[in-house]
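The values are calculated or read from the model by the stated rules, or taken from the named source; none is laboratory data. Predicted model, so just to flag it, every value in this text is computed and none were measured. Cβ atoms come from the backbone with ideal geometry, glycine included; neighbour counts cover every protein chain shown. Remember, those area values only see protein heavy atoms, side chains included, never the ligands or the DNA or RNA. Shrake-Rupley method; radii C 1.70, N 1.55, O 1.52, S 1.80 Å.
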Amino acid sequence: MAEAKMNIVLTEAVYYILLSLFKPMHGYGIMQNVMELSGGRVNLAAGTLYGALNTLLEKGFITALPGEANSRKKEYLITEKGKTVVKMEIERLRELLKNGEKIL
């Protein structure tokens, strides 16, 4: 996976979206979950969420699950590639924290 070797930095919103999608979820559920995970600090607007979802789909970090024929709700799920990116981001954040604590 060539992209896994790249230094990918996630925005806070994208990080929380990816964490939310370790279980299948639709857009409104993602917005609620991100709010809960962040303790109410990150409040995603619909436009921000769906723009991010489209980008994550294009990069192959998430997949859209096949929905029911009459349903407008589309569910999403993180891919293995997306899980790798989240793990890399956690390692990056650990390094930032460790270096900051060293200085303080």
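Odds and ends about this structure:
- Of the solvent-accessible surface of the range 12-103, computed with a 1.4 Å probe and all protein chains present, 53% belongs to carbon and sulfur.
- Annotation for Thr84 and Ala64: the two label points, set 7 Å from Cα along the Cα-Cβ direction, are 2.4 nm apart.
- Protection proxy ranking of 76-84, 90-98, 14-22, 31-39 - average other beta-carbon atoms within 10 Å, highest first: 14-22, 76-84, 31-39, 90-98
- Built amide H within the under 5 Å cut-off of Tyr76, gap 5+: Met25, His26, Leu65
- Long-range lysine pairs (8 or more apart or interchain), the chain, Cα under 22 Å: 18
- Take the chain with all the other protein chains still there, run a 1.4 Å probe, and you get 67 Å² of accessible area per residue.
- Total formal charge among the other residues, if their Cβ is under 12 angstrom from that of Leu96, Lys/Arg +1 and Asp/Glu -1: 0
- For the range 12-103, a crude dipole built from +1 on the beta carbon of Lys and Arg and -1 on the beta carbon of Asp and Glu, taken about the Cα centre, is about 60 debye to the nearest 20.
- Computed on the Cα atoms alone, the convex hull of the chain gives a volume of 108 cubic angstrom per residue.
- Computed over the chain, relative contact order equals 30 percent, with contacts defined as Cα pairs under 8 Å that lie 6+ residues apart.
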